[in-house]
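Structure record follows, encoded as structure tokens.
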Amino acid sequence: MPRHPFSSVDGEFRTFTIDSEALQGNLLDDPSTREVLVYLSPGWDEVEGLPLFVDLVGFTGSGKAHSNWKPFQESLPQRIDRLIKEGKMGPIALALPDCFTSLGGNQYINSQAMGNWADFLLFEMIPLLEAELPVKKGRGNRAIFGKSSGGFGAMVHGMLYSEQWGAIACHSGDMGFDRLFAGDFPKALMALEKHDGLEGFLSHLETCKKMKGEDFHTLMILAMGATYDADPEAPKGIRLPVDPRTCELIPERWQAWLDWDPVVMLERKDVQKNLASLKGLFIDCGQQDQYNIHFGTRQLAVRLEELGIEFTYEEFDDTHSSIDYRMDISLPFLYRSLTE
């Protein structure tokens, strides 16, 4: 049994509130005012400027959750404190933005339905934090990292917005959409049929006393539809890329999803140039990922090597779940990438 970390954190928390223009008018009717919790790690006041690390959490999470107490596990601030004490990295400013949505999660890209989350992070959060915190300014002093949906967000930000980020780390990030989502579309349609369609399912979620596991997985697929190919005329902008009766893929609608698949995006010249410009690119995935993400991750790694783009890739003996311990590798990697 792992030893429980009883120690309190040694750094300092600060909270910032952003009245976001980027998130106004989202089709979910979610609030556009958001909090960003920041952890200044031990030693923050003893150095001249800190690197800024931004943590993107996985689906159903919020940045605040990574500051929480956990049984037999470290919180992210506790992990950072320990890594600093072990001499594996130096002090940082860690941003934990609240990017939760009423569809259960976020992919951290701009969406008419979900909100313009990339704009929120890049053009509202970063300028505020650089103005209010003792951090070094500029992309070369910023890292973004995450797991699952957060790993996807980190990867896509490196692919599209490298002028904003110096280094990225992608833990089990969504990719290889044909293998990731293939088995979920029939299950989602059956769940919708059970409740007489999309509106009935959404009504069920609003009135049920607790959400079941199958509800969460259906909601995740609906959130992907609202993210990758929103329909402004549909409830909450949700549109799936399949025929609602036969579950056959609709080529045009499915292509809209594939355009956001990192293994597809990597064929773009601008994406290749952006990734090559990063000071550090870390990717990993468990060999028994229950969502089949390891297959797409392997495909991405092979193509990165063919393109001559420098990166670090690791596979490890585990699944998609409870793998925060992998940050023992990625966080020092990011710190070295920005500071050495």
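The values are calculated or read from the model by the stated rules, or taken from the named source; none is laboratory data. All of these numbers come straight from a predicted model, not from anything done at the bench. Note: ideal-geometry Cβ built from the backbone for every residue, glycine included; neighbour counts use all protein chains shown.
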Query raised in the report: Looking at this structure, is residue 284 farther than 30 Å from residue 305 by Cα and modelled with pLDDT of 95 or more?
Result: no
Query - Within the range 265-284, tally of residues that are over 20 Å from the mean Cα position of the chain (by Cα) and buried (at least 19 other Cβ atoms within 10 Å of the Cβ) - result: 0
Report summary line: Going through the range 52-77 in order, the residues found to be buried (at least 18 other Cβ atoms within 10 Å of the Cβ) and assigned to a strand (DSSP E or B) are 52, 53, 54, 55, 56
Report summary line: Checked 126, 80, 84 against criteria (out of contact with any strand residue (DSSP E or B) (no Cβ under 6 Å at 6 or more places or on another chain), modelled with pLDDT of 95 or more, crowded, with 24+ Cβ neighbours inside 10 Å and outside any loop (DSSP other than H, G, I, E, B)); the one match is 80
Requested in this report: Determine the pairs where a residue that is under 27 Å from residue 48 (Cα atoms), located within the range 136-160, has a partner that is surrounded by fewer than 24 Cβ atoms within 10 Å (Cβ to Cβ) and of a type in the set (Val, Ile, Thr) with Cβ atoms under 7 Å apart, the partner being 6 or more residues away or on another chain.
Outcome: 141/135
Query - Qualifying positions in the range 235-263 - without any contact (Cβ under 8 Å) to a residue 60 or more places away in the chain and either in a loop (DSSP other than H, G, I, E, B) or within 21 Å of the chain's Cα centre (by Cα) (or both) - result: 239, 240, 241, 243, 244, 245, 246, 248, 250, 256, 259
Query raised in the report: What number of residues within the range 198-215 are within 20 Å of residue 28 (Cα to Cα), over 25 Å from the mean Cα position of the chain (by Cα) and either among the charged types (D, E, K, R) or surrounded by 14 or more Cβ atoms within 10 Å (Cβ to Cβ) (or both)?
Result: 6
Query raised in the report: Looking at the range 178-208, which of its residues are assigned to a helix (DSSP H, G or I) and touching a Phe, Trp or Tyr at 6+ places or on another chain (Cβ under 6 Å)?
Result: 179, 180, 192
